[in-house]
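Working notes, beginning with the structure itself.
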Amino acid sequence: MTKRPYTEMVYQPMVELLAYLRAHGYKTFIVSGGGIEFMRPWAEQAYGVPPEQVVGSSIKTRFEMRDGKAVLVRLPELNFIDDGEGKPIGINQNIGHRPIAAFGNSDGDRQMLEYATTGTGARFGMLVLHDDKAREFAYGPATGLPDGHIGTFSQALFDEAQKRGWTVVSMKNDWKTIFPAKK
């Protein structure tokens, strides 16, 4: 559909927000349900977030010596799933403190948003609604997918956002640009 490589399928408003936060003294992280070994190699170039500030799902790995060289060997077993209830755990284990703001776009982000926004002091939670099928992809309530469908932004999460005062942003109505200009 977009004819772009995956590394260019980043959201311009996200890139701008991360840069703005860093310019104002905040340390930014990416907390993704995706694999850390997938995200870390390109997150810094795409988002300005260094590999050590990427939290994600992981595969079990073991240390071995092979021909006198130390190597890490990936095992065919999940180590950690950084989605849903795993996101606050991953944040605690890898970052070490509760964030003051969190941004999500799926049901898998609910617990991260709850964790961030129920701490003391000023807090902020935002959900991005993928509802612009012309410029990106529409999924979740915008396409009528049922609750619980993988990758959706369900009606239940939308209702939770309203109840908790989280900001809901529409890609279609609120974003002038979706993707950065092609390189």
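Could you tell me which residue out of Tyr139, Ile95, Ala70 lies farthest along the dipole of the chain toward its positive end? Charges go on the beta carbon: Lys and Arg +1, Asp and Glu -1, centred on the Cα centre.
Comparing the listed Cα positions along the dipole, Ala70 ranks first.
Students often get this wrong, so check it: of Lys3/Lys172; Lys60/Lys87; Lys27/Lys60, which have C-alpha atoms separated by over 25 Å? Please report the intermediate quantities before stating the final value.
Numbers: Lys3/Lys172 20 Å; Lys60/Lys87 18 Å; Lys27/Lys60 28 Å.
Result: Lys27/Lys60 exceed 25 Å.
Scan around Gly35 for amide H atoms under 5 Å from its own, H built in the peptide plane at 1.01 Å from N, and keep only partners 5 or more places away or cross-chain.
Under 5 Å from the amide H of Gly35 lie the amide H atoms of Ser57, each far enough along the sequence or on another chain.
With all protein chains present, calculate the accessible area of His24 using a 1.4 Å probe and round the result to the nearest 10 Å².
Using a 1.4 Å probe on the heavy atoms, I get roughly 110 Å².
Please work out the ratio of the alpha-carbon Rg of the chain to 2.2 N^0.38 Å and round it to two decimals. Please report the intermediate quantities before stating the final value.
Numbers: Rg = 17.6 Å, N = 183, 2.2 N^0.38 = 15.9 Å.
Ratio of Rg to 2.2 N^0.38 Å for the chain: 1.10.
Give me the dipole magnitude in Debye, nearest 20, for the chain about the Cα centre, with unit charges on the beta carbon: positive for Lys and Arg, negative for Asp and Glu. Working shown, then result.
On the way: 22 positive and 21 negative charges, 105 e Å.
In debye, rounded to 20, the chain gives about 500.
How high is the FRET efficiency from Phe124 to Ala156, r the C-beta distance, R0 22 Å, rounded to 0.05? If you can, show how the numbers build up before the last one.
Details: r = 21 Å, r/R0 = 0.96.
So the FRET efficiency works out to roughly 0.55.
I'd like the Karplus ³J(HN,Hα) series for segment 113-122: coefficients 6.51, -1.76, 1.60, θ = phi - 60°, whole numbers in Hz, and an x wherever there's a Gly or Pro.
5, 4, 4, 5, 8, 9, x, 7, x, 5
Non-local amide H neighbours of Phe124 (under 5 Å, H modeled in plane, Pro and chain starts lacking H): which ones?
Hits under the 5 Å cutoff: Ala101, Ala102.
Mean residue ellipticity at 222 nm from the helices of the chain, using -39,500 (n - 2.57) per DSSP H segment of n ≥ 4 over the full residue count, to the nearest 500 deg cm²/dmol?
Working: 6 runs with 55 residues, N = 183.
Theoretical 222 nm ellipticity from helices: -8500 deg cm²/dmol.
Once amide H atoms are placed 1.01 Å from N in the peptide plane, what residues at a sequence separation of 5 or more from Leu129, or on another chain, have their amide H within under 5 Å of its amide H?
Val169, Ser170, Met171
The values are calculated or read from the model by the stated rules, or taken from the named source; none is laboratory data. Since this is a predicted model, take the numbers as computed values, not measurements. Here the Cβ is made from the backbone with ideal geometry for all residues, glycine too, and neighbour counts use every protein chain on show. Accessible surface is based on the protein model in full, side chains and every heavy atom, while ligands, DNA and RNA are left aside. Shrake-Rupley method; radii C 1.70, N 1.55, O 1.52, S 1.80 Å.
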